[in-house]
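Right, one structure below, let's go through it.
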Amino acid sequence: MNVLVTGATGGIGRVLVDALTEAGHRVIAVGRDVGRLDVRGIEADLAEPATLAAALEGLEDIQALVHCAGVSPVEAVAESDPETWRRTLAVNVASAAELVRLTLPALRRSGGHVIFVNASPGMTAVPRWSAFVASKAALRELAESLRAEEAAHGVRVTTVFPGGTATDLLGEVRHAFGRPYDPGLCIQPRSLAAMIVWVLNAPPDAYACELSVLPAPHSP
């Protein structure tokens, strides 16, 4: 299976690329600095969705798209300027929608699969995180609309809602909120990657349209 992955150099995406490759899939990474990965890479700026069509020109054989890319500014509404909102919505949502639009012909031909990596299950109304939370709510709506629109074409759409995952980005976010960060109490990126690979390997008659993932309970 040819899988297009965004955010492939991030804490989750980098491990996902390895997990997909180990599972026998062929990965095409989209983003910045993808040349350092041992897979085919397409340099693109997800903050500028209008440039993606040119970047993906000629890419026609895609069976799955996994959108892992994301930015997560910690700012109150009173502090967030238009560029914060523009960039957050562009990377987290608009680029996902544009990549779907560009790959839909191939996904329809193959009865393919779109996976959106969202935020923690049930996340809503987080003070000082409005742009991020709003973008993830929009990403959820994109997934649900796409699922309804493309069911007749055999395209599967899954949203993955991971709880706190041990990445540098989560550490930065927790620090900005003044909260402790212990990677050992979080979902490990390889565990989350394994679950995404499992979603892609669903049998022909059923699949997970939503998957909530939480860190395992720890004894005190």
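Any residue at all in the stretch 127-137 that's out of contact with any Leu (no Cβ under 7 Å at 6 or more places or on another chain) and under 19 Å from Gly11 (Cα atoms)? Please lay out each step first, then the result.
From the stretch 127-137, those out of contact with any Leu (no Cβ under 7 Å at 6 or more places or on another chain) are 127-134, 136-137; that's our starting set.
Subset that is under 19 Å from Gly11 (Cα atoms): 132, 136.
Yes, the conditions are met somewhere in the stretch 127-137.
Having 1 or more residues that are open to solvent by 30 Å² or more (accessible area, probe 1.4 Å) is the bar; report the strands (runs of 3 or more DSSP E) wholly within the stretch 110-219 that clear it. Spell out how you get there, then give the answer.
Numbers: elements: 113-117, 156-162, 210-213.
Fully inside the stretch 110-219 and qualifying: 156-162, 210-213.
Looking only at the stretch 50-94, which residues are part of a helix (DSSP H, G or I), at pLDDT 95 or above, more than 15 Å from the chain's Cα centre (by Cα) and under 21 Å from Lys136 (Cα atoms)?
Residues satisfying the conditions are Ala50, Leu52, Val77, Ala78, Pro82, Glu83, Thr84, Trp85, Arg86, Arg87.
Quick test for you: out of Ala148, Ala119, pick the one residue that is touching a residue at least 24 places away in the same chain (Cβ under 8 Å) and among the small types (Gly, Ala, Ser). Let's see the steps before the verdict.
Numbers: Ala148 fails: touching a residue at least 24 places away in the same chain (Cβ under 8 Å).
Among Ala148, Ala119, only Ala119 is touching a residue at least 24 places away in the same chain (Cβ under 8 Å) and among the small types (Gly, Ala, Ser).
Between residues in the stretch 1-27 that are part of a loop (DSSP other than H, G, I, E, B) and at pLDDT below 95 and residues that are acidic (Asp, Glu) and open to solvent by 10 Å² or more (accessible area, probe 1.4 Å), which pairs lie under 8 Å by C-beta distance while being six or more apart or on different chains?
Note: pairs meeting the criteria are Thr9/Asp33; Gly11/Asp168.
How many residues does the stretch 136-188 hold that are touching a Phe, Trp or Tyr at 6+ places or on another chain (Cβ under 8 Å), of a type in the set (Gly, Ala, Ser) and either modelled with pLDDT of 95 or more or within 19 Å of Pro121 (Cβ to Cβ) (or both)?
1
Which one is farthest from Thr6 (Cα to Cα) among residues in the stretch 77-101 that are of a type in the set (A, V, I, L, M) and open to solvent by 30 Å² or more (accessible area, probe 1.4 Å)? Break it down into steps so the answer makes sense when it comes.
Narrowing the stretch 77-101 to residues of a type in the set (A, V, I, L, M): 77-78, 89-91, 93-94, 96-97, 99-100.
Among the residues that remain, those that are also open to solvent by 30 Å² or more (accessible area, probe 1.4 Å) are: 77-78, 89, 94, 97.
On the way: Val77: 27, Ala78: 30, Leu89: 15, Ala94: 13, Ala97: 12 Å.
This residue is Ala78.
Condition (residue is basic (Lys, Arg) and over 23 Å from Arg14 (Cα atoms)) applied to the stretch 170-178: is it met by at least one residue?
Let us first name the residues in the stretch 170-178 that are basic (Lys, Arg), namely 174.
From the residues that got through so far, the ones that are over 23 Å from Arg14 (Cα atoms) too are none.
Scanning the stretch 170-178 turns up no residue that is basic (Lys, Arg) and over 23 Å from Arg14 (Cα atoms).
The values are calculated or read from the model by the stated rules, or taken from the named source; none is laboratory data. All values reported here derive from a predicted model rather than from experimental measurement. Every residue, glycine among them, receives a Cβ derived from its backbone with ideal geometry; neighbour counts consider all protein chains shown. These accessible areas exclude ligands, DNA and RNA; they are computed on the full protein's heavy atoms, side chains included. Shrake-Rupley method; radii C 1.70, N 1.55, O 1.52, S 1.80 Å.
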